[in-house]
Amino acid sequence: MVILMGLGICAGGFIGIIILYLAIVIFAPGFHVPKQPLPVAESKKEPEETPRSRKDVSFEVDGDKIHAWLYLPGDLSKPVPCVVMGNGFGGTKDMILENYAILFQVAGLAALAIDFRFFGESEGQPRQLYTIGNQIKDFKAAIAYARGLAEIDPDRIATWGTSASGGYGLIVAARDKKIACVVGQCPALDSQRDGRVALKREGWGFFLRLFMHAQRNTGRGRLGLSPHKVPLVGKPGTLAMVTGPGAFEGYTKLASRSFVNEVCARAILMSHDYNPFDYAKDVECPVLILSCEQDNLVSKESAVETAKVLGEYAELKQYPIGHFEIYEGEHFERSITDQIAFFEKHLN
């Protein structure tokens, strides 16, 4: 009896410590993280001219309106293939997607570039909430919307993602056998391998700090309090969700005027059950993986291992560049040439 009473006292004390810890994390001041606004490049300070062939469209998911840009080729004498596109971590459709969509359009393809919920022009509260599950749902809804358009051939839908969304196509295609093909550019394909890359770079202390901020955000959300946010990308040595060397400069080059450098801190907890590598075995359509061999944000090995799992469905292109170099200059030209050749092979 004495032993049981002692165990009960210990258990009660342990629970009390946890409650006190959570109360401090959720309610205490001192968790403010300095903002890290991105400088706007000179080339992006003025509004860009809207392409005549671009249409503003929208559709709903769970009562929230998703805004997208639809690009249709000139020849619509018969339904055309469509590439459904989503940007990477925290990215919006007005950053880099149009650079690709217009070239797909010139090649005779339609393109649908979306803002995921909680980001850009799309609705959803709280703002800047990143969850892979929600983004996959948005991607599926975009595919359904495209299939419902008279101009689009519903049997020739491709998915396109980059960086954090680079593996979404595998998750979708594993269940949707009507997907014609998938493109993943500098893709995050295996959260476990990517996590080891980040842990080796940042160390345990960094992630324990992020975890506390994530707990604060989660706890406040459950209590209906204002969201707790951290910078999405930051300079090395600061507290932000992404702080790898070159990341802040890379985002600065790509960010639009509407980009918000914040994300709900719970994002670090949101990869559960949505690891693209785990879905690769169930994919039965061609997949183009564009891997950057000097990437310091996602695991290079994950591209090779995913291609092995995909087997005959995989086409792996490797470029001797870093994560952000694929978005501009000669490396962009090379990668877009590879992508269009892939689409012409599998969508015609």
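What percent do you get for the relative contact order of the chain when only Cα pairs under 8 Å and 6+ apart count? Worked out over the chain, it gives 18 percent. I'd like to know how the chain sits against the 2.2 N^0.38 Å rule of thumb: what's its Cα Rg over that expected value? Compactness ratio reported: 1.06. Here the gap between Arg196 and Arg257, fully extended at 0.36 nm per residue and compared with their Cα-Cα distance, gives a gain of 18.7 nm. For the range 288-348, the set of GluC sites (Glu not before Pro) satisfying both a DSSP loop assignment and a count of at most 10 other C-beta atoms within 10 Å is empty. For the pair the range 110-168 and the range 174-240, the centres of their Cα atoms are 19 angstrom apart.
Dipole size of the chain about its Cα centre, with +1 on Lys/Arg Cβ and -1 on Asp/Glu Cβ: approximately 1120 debye, rounded to the nearest 20. Scanning residues 5 or more positions from Phe89 or on other chains, those with amide H under 5 Å from its amide H are Ala164, Ser165, with H placed 1.01 Å from N in the peptide plane. Mean residue ellipticity at 222 nm, helices only, the chain: -12000 deg cm²/dmol; runs of at least 4 DSSP H residues each add -39,500 (n - 2.57), and the sum is divided by the number of residues. Taking other residues whose beta carbon is less than 14 angstrom from the beta carbon of Gly237, and scoring Lys, Arg as +1 and Asp, Glu as -1, yields +2. Let a ≥ b ≥ c be the square roots of the eigenvalues of the Cα gyration tensor of the range 278-338; is it rounded (a/c under 1.5), or, if not, prolate (a/b larger than b/c) or oblate? Because a/c hits 1.5 or more and a/b fails to exceed b/c, the range 278-338 counts as oblate. Our coupling estimate for the range 76-92, obtained by passing each phi through the Karplus curve with A = 6.51, B = -1.76, C = 1.60 and θ = phi - 60°, is 10, 5, 8, x, 10, x, 9, 9, 8, 10, x, 7, x, 4, x, x, 10 Hz, Gly and Pro reported as x.
Take the residue pairs Lys137/Lys177; Lys65/Lys300; Lys55/Lys140; Lys235/Lys317 and return only those whose Cα atoms are more than 26 Å apart. Long pairs (Cα-Cα over 26 Å): Lys65/Lys300; Lys235/Lys317. Taken as entire DSSP H runs, the helices of the chain that both span 30 Å or more between Cα atoms along their own long axis and average -1.0 or more on the Kyte-Doolittle scale are 2-27. So if we plug the beta-carbon distance of Leu76 and Ile15 into 1/(1 + (r/R0)^6) with R0 = 45 Å, what FRET efficiency do we get, rounded to 0.05? It comes to 0.10. Relative contact order of the range 133-278, taken over Cα pairs closer than 8 Å and 6 or more residues apart, is 21 percent. A simple count of charges around Glu262, restricted to other residues whose Cβ falls under 13 Å of its Cβ and scoring Lys, Arg +1 and Asp, Glu -1, yields +4. By the count of other C-beta atoms within 10 Å, a proxy for reagent exposure, Ile268, Ile96 are ordered fewest to most as Ile268, Ile96.
A short reminder: the numbers here are calculations on the coordinates, not readings from a lab. Please read these numbers as outputs of a predicted model, since none were measured by experiment. In this analysis, Cβ positions are derived from the backbone assuming ideal geometry, glycine residues included, and neighbour counts consider all displayed protein chains.
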